[in-house]
Amino acid sequence: MRVLVIGSGGREHALCRALSLDPAVSGLHCAPGNPGIAELAAVHDVNPLSGAEVVDLAVQLGVELVVVGPEAPLVAGVADCVRAADIPCFGPSSGAARIEGSKAFAKEVMVAAGVPTARAFTCDSPNEVLAALSEFGAPYVVKDDGLAAGKGVVVTSSREEAMSHAAGCVRVVVEEYLDGPEVSVFAVCDGETAMALQAAQDFKRAYDDDGGPNTGGMGAYTPLPWAPDGLVERVMTEIVRPTVAELAKRGTPYVGVLYAGLALTPRGPGVIEFNARLGDPEAQVILDRLETPLAGLLMAAATGRLAEQEPPRFRDGAAVAVVVASEGYPAAPVSGDPIVIGDLPDGSYVLHAGTAVKDGRLVTNGGRVLNVVGTGKDVAEARRVAYEAVGQITLRGAHHRSDIALRAAQA
Ligand code: AMP
Ligand code: GLY
């Protein structure tokens, strides 16, 4: 099978790595890719947001499957263009990707489907925001309605900060605070059938002990040794399947990975957000553990044949990913610094996220530069290996969290 992956981050590097290990894959392409991906796949200089450019490339390469990684091309309708050209595509249509692209739409779907989530108001004026803040009380949760690359949400006990964030948004969703540990559950969907992947946890704040600003994610691990038994099945029954059924009923069937970001509240799992894709860096650890060949699974979902597939299988053991970020990330990441990757310990490897090659040298090109993945028989061992590997990276001004998977390793 010839496969084209769209995207250029650590998640797409992980997708390409898993696809390259699938014997059914005879040709692997990525656009636009990155220097790490270029070691596994042919990379192509194409604007990932242009459906027309992606389709032209897919036709020219004769690929049988297109996999769209990030949310921006999905929301922009790239998957619709690929499907319109009769090429199977793993990734939701722009209509279905609104589950991530619009928080207000996601709430509407959840309410219609009876899915547990925070109560919320969509506000169009400062007075409405004030009324909503008073209704729920502190801590306040204020969200920009649209896509904001991890920067659209403020959780604060200060009413002034809540109001000032709301003032910077076009349309704002104010919601109830959900109290409890956060987990991410992912399901592969073909529009009708949904199958669970292994749950993971990511670390959104920039600094140790969940300090500093929100980011796209500074690290992740899987599995979750501390999670309640049956968590994933419960999430599939109460959250994922009703959502997939509701989207099908609305004429926007969901094909791709549905990502449920959850808080495990005393009343059970509640949805904090849906995303229309694999998490980044959660994908890096989940795909590491996936035993089922990836291309066949994604092709079955893209062609509506998921019900004929065995549920995805996962290998024993654990994986931990630590993000190495550039100086200044997330506020003002510095690009162009040289990166040196030394001898990595057994059981570890490095995925590229924000890198480029300049004058023959590997340099930083974005905020989240590398994802260092460690594996082992349990979370504690995977974590040790990951941090040993992080010690082999030389990058001026770099920073990373030192507490990724720490509590889970002690569980
Ligand atoms: P989001 O971009 O929706 O993932 O939000 C970013 C982060 O804000 C989440 O990972 C949570 O830590 C926090 N958050 C968002 N919504 C809520 C909520 N209703 N209750 C508690 N925390 C929330
Ligand atoms: N790791 C969080 C996200 O991908 O949105």
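Each reported figure results from applying straightforward, stated rules to the coordinates on display, with no laboratory input. This structure is a prediction, so every number in the text was calculated from the model and none was measured. Counting neighbours? That spans all protein chains shown, and the Cβs are built from the backbone with ideal geometry, glycine included.
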Review point. Restricting the search to the stretch 272-308, which residues are within 16 Å of ligand 1 (Cβ to nearest atom), buried (at least 24 other Cβ atoms within 10 Å of the Cβ) and of a type in the set (A, V, I, L, M)?
Key: Ala276, Leu278, Ala283
Review point. Do we have any residue at all in the stretch 89-106 that's without any contact (Cβ under 8 Å) to a residue 60 or more places away in the chain, closer than 18 Å to His29 by Cα and either within 16 Å of ligand 1 (Cβ to nearest atom) or buried (at least 22 other Cβ atoms within 10 Å of the Cβ) (or both)?
Key: no
Review point. So which residues in the stretch 51-80 are in a loop (DSSP other than H, G, I, E, B) and small (Gly, Ala, Ser)?
Key: Gly62, Gly69, Ala76, Gly77
Review point. Taking into account only those residues within the stretch 154-176 that are loosely packed, with under 15 Cβ neighbours inside 10 Å and hydroxyl-bearing (Ser, Thr, Tyr), which is farthest from Thr303 (Cα to Cα)?
Key: Ser158
Review point. Quick one: which strands (runs of 3 or more DSSP E) sit completely within the stretch 187-284 and have at least 1 residues that are closer than 17 Å to Arg401 by Cβ and touching a residue at least 12 places away in the same chain (Cβ under 8 Å)?
Key: 205-207, 211-214, 219-222
Study note, to complete from the structure: Filtering the stretch 24-43 down to residues that are part of a loop (DSSP other than H, G, I, E, B) and closer than 21 Å to Ala283 by Cβ yields Ala24, Val25, Gly33, Asn34, Pro35, Gly36, Leu40, Ala41
Exercise for review: Taking Val174 as meeting all but one of (1) in a strand (DSSP E or B); (2) aliphatic (A, V, I, L, M); (3) within 22 Å of the chain's Cα centre (by Cα), write down the number of the exception.
Suggested key: (3)
Review point. Which condition breaks for Glu182 when tested against (1) within 16 Å of ligand 1 (Cβ to nearest atom); (2) in contact with a helix residue (DSSP H, G or I) (Cβ under 7 Å, 6 or more places away or on another chain); (3) charged (D, E, K, R)?
Key: (2)
